Amino acid sequence: MYDWIRPVLFKLDAETAHGLTLYGLDVAHRSDLGRFVATPPQDLPTEAFGLHFPNPVGLAAGLDKNAAHLDALGALGFGFIEVGTVTPRPQIGNDRPRLFRLRQHEAIINRMGFNNEGVDALVRNVLKSSYRGVLGINIGKNKDTPNDKAADDYLFCLERVYAHASYITVNISSPNTQGLRDLQEEATLRRFIETLREAQERLGSQQGARKPMLLKIAPDLSEAELDSIASVLLAANVDGVICTNTTIDHSAVASDPHGNEAGGLSGKPLFVRSNQVVRGMRQRLGDRIGIVGVGGILDGSDSVEKMDAGAGLVQLYSGLIYRGPALVAECVDEIRRQKETRDAG
Ligand SMILES: Cc1cc2nc3c(=O)[nH]c(=O)nc-3n(C[C@H](O)[C@H](O)[C@H](O)COP(=O)(O)O)c2cc1C
């Protein structure tokens, strides 16, 4: 079905198409036409950071920033859904246009800037929805909060979302909030993560249910920076890491009319680099810490390659724009096929 809708959507401005698609998914879901949108895959049960997933293919953060479309997205067969990034207070994000398709590269550049309705609105939406699958809530800081106060914003969001999330992602890797990625610097990160880890354990005891906390990192990190992040994750016993967010390296798309737009690049050109980060993190972390691999998965074999690099779970975003929701089942089926072949051999 997506094959004939896509040319229409691609004639529209990317953000208009995005809104229209989500609206269409909601309408289809409510009118029971959802089964024509995508056939969900058979289960492929997967365990990671103490949680059970019906399959290892999830929706990446940023597509449903306010958790406003959980029911419709939940019907597409994802093994888990991550919503957000959400900030303490609502913010409008950067001026439009701020989302660009680079079609010949199967890529996207975005500089959305954490546009969202604020954490309280997100929680209200989660409570209204009937989605009962694994839910990640991705948290960030407001644009006007200085980095030395950033931990307060993350703590504020962590407290608000803790009871409603299956896991929480701490996003310090968006290139579209000035200075955010500086939080990845070792000494700053150590203090920051310790503060959040204490709150995570305190909330877990108070609420009688401990929720895993994951850190989402950038692909634009040197080997030395990966060393220091890995050492912080190990020392603080963080549950998991999501590799990676979008890249600021646009060299692969320099020839594209939109190649020089400011923002983070995702999709096909990110695939190799994000896999390198997954592999590098797996080598540094051993089996102690779960890795979610995200970046440039455009077909089933890409998802297998991402798992082979060391990810226990994968996530999709740009691939959904280019391939539609059928990509979810394609990835699950290919991961299953590879697993069966290997188990048999
Ligand atoms: C339009 C857009 C908005 C995004 N917003 C967020 C966000 O709010 N928080 C976040 O952690 N990642 C965000 N991302 C990054 C994705 O979650 C993902 O890490 C990245 O796009 C790489 O995966 P992909 O190549 O499959 O798209 C966004 C990506 C896109 C394309």
Selection from segment 149-160 of residues more than 16 Å from the ligand (Cβ to nearest atom) and either under 20 Å from the mean Cα position of the chain (by Cα) or not aliphatic (A, V, I, L, M) (or both) yields LYS149, ASP152, LEU155, PHE156, GLU159, ARG160
So which of ARG279, ARG273 ends up being more than 14 Å from the ligand (Cβ to nearest atom) and without any contact (Cβ under 8 Å) to a residue 60 or more places away in the chain? ARG279
Residues located in segment 280-289, provided they are open to solvent by less than 20 Å² (accessible area, probe 1.4 Å) and not in a helix (DSSP H, G or I): ILE289
Report, by residue number, each residue of segment 15-40 that is in contact (Cβ under 8 Å) with a residue 12 or more places away in the chain, open to solvent by 30 Å² or more (accessible area, probe 1.4 Å) and within 21 Å of GLY93 (Cβ to Cβ). HIS18, THR21
Which residue is most open to solvent (accessible area, probe 1.4 Å), if the candidates are limited to segment 89-103 and must be in contact with a strand residue (DSSP E or B) (Cβ under 8 Å, 6 or more places away or on another chain) and farther than 16 Å from GLY263 by Cα? PRO90
Of the numbered conditions (1) within 29 Å of ARG101 (Cβ to Cβ); (2) free of Cβ contacts under 8 Å to residues at least 60 places away in the same chain, ASP227 satisfies every one except a single condition; which is it? (1)
For the subset of segment 241-255 comprising residues that are buried (at least 19 other Cβ atoms within 10 Å of the Cβ) and part of a loop (DSSP other than H, G, I, E, B), which member is farthest from the ligand (Cβ to nearest atom)? HIS250
Quickly run through segment 62-85 and pick out the residues that are free of Cβ contacts under 8 Å to residues at least 60 places away in the same chain, more than 10 Å from the ligand (Cβ to nearest atom) and open to solvent by less than 10 Å² (accessible area, probe 1.4 Å). ALA72, LEU73, ILE81
With respect to the numbered conditions (1) in a loop (DSSP other than H, G, I, E, B); (2) surrounded by 24 or more Cβ atoms within 10 Å (Cβ to Cβ); (3) more than 9 Å from the ligand (Cβ to nearest atom), which one is the sole condition not fulfilled by GLY296? (3)
The residue from VAL238, VAL170, VAL232 that alone is open to solvent by less than 60 Å² (accessible area, probe 1.4 Å), in a loop (DSSP other than H, G, I, E, B), of a type outside the set (D, E, K, R) and at pLDDT 95 or above is VAL238
Among VAL277, VAL272, which is part of a helix (DSSP H, G or I) and touching a strand residue (DSSP E or B) at 6+ places or on another chain (Cβ under 7 Å)? VAL277
Go through segment 300-310 and report how many residues are within 18 Å of GLY280 (Cβ to Cβ) and open to solvent by 10 Å² or more (accessible area, probe 1.4 Å). 4
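Let's see how each residue does on (1) surrounded by fewer than 21 Cβ atoms within 10 Å (Cβ to Cβ); (2) under 16 Å from the mean Cα position of the chain (by Cα); (3) farther than 21 Å from ASP299 by Cβ; (4) among the charged types (D, E, K, R):
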position: MET1; (1), (2), (3), (4): yes, no, no, no
position: ILE5; (1), (2), (3), (4): yes, no, no, no
position: LEU9; (1), (2), (3), (4): yes, no, no, no
position: GLU47; (1), (2), (3), (4): yes, no, yes, yes
position: GLY50; (1), (2), (3), (4): yes, no, yes, no
position: ALA60; (1), (2), (3), (4): no, yes, no, no
position: THR87; (1), (2), (3), (4): no, yes, yes, no
Report yes if SER266 is within 23 Å of LYS143 (Cβ to Cβ), open to solvent by 10 Å² or more (accessible area, probe 1.4 Å), of a type in the set (Gly, Ala, Ser) and within 16 Å of the ligand (Cβ to nearest atom), otherwise no. yes
Filter result (in a loop (DSSP other than H, G, I, E, B) and within 11 Å of the ligand (Cβ to nearest atom)) within segment 86-103: THR87, GLY93, ARG98
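Results for (1) closer than 22 Å to VAL314 by Cβ; (2) without any contact (Cβ under 8 Å) to a residue 40 or more places away in the chain; (3) within 16 Å of the ligand (Cβ to nearest atom); (4) open to solvent by less than 20 Å² (accessible area, probe 1.4 Å), shown as yes or no for each residue.
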| position | (1), (2), (3), (4) |
| --- | --- |
| HIS105 | yes, no, yes, no |
| GLY113 | no, no, yes, yes |
| ASN116 | no, no, yes, yes |
| ARG124 | no, yes, no, no |
| LEU127 | no, yes, no, no |
| GLY136 | yes, no, yes, yes |
| LYS141 | no, no, yes, yes |
| ASN147 | no, no, no, no |
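The values are calculated or read from the model by the stated rules, or taken from the named source; none is laboratory data. Please read these numbers as outputs of a predicted model, since none were measured by experiment. Counting neighbours? That spans all protein chains shown, and the Cβs are built from the backbone with ideal geometry, glycine included. Surface accessibility is based on the protein's heavy atoms, side chains included, excluding ligands, DNA and RNA. Shrake-Rupley method; radii C 1.70, N 1.55, O 1.52, S 1.80 Å.
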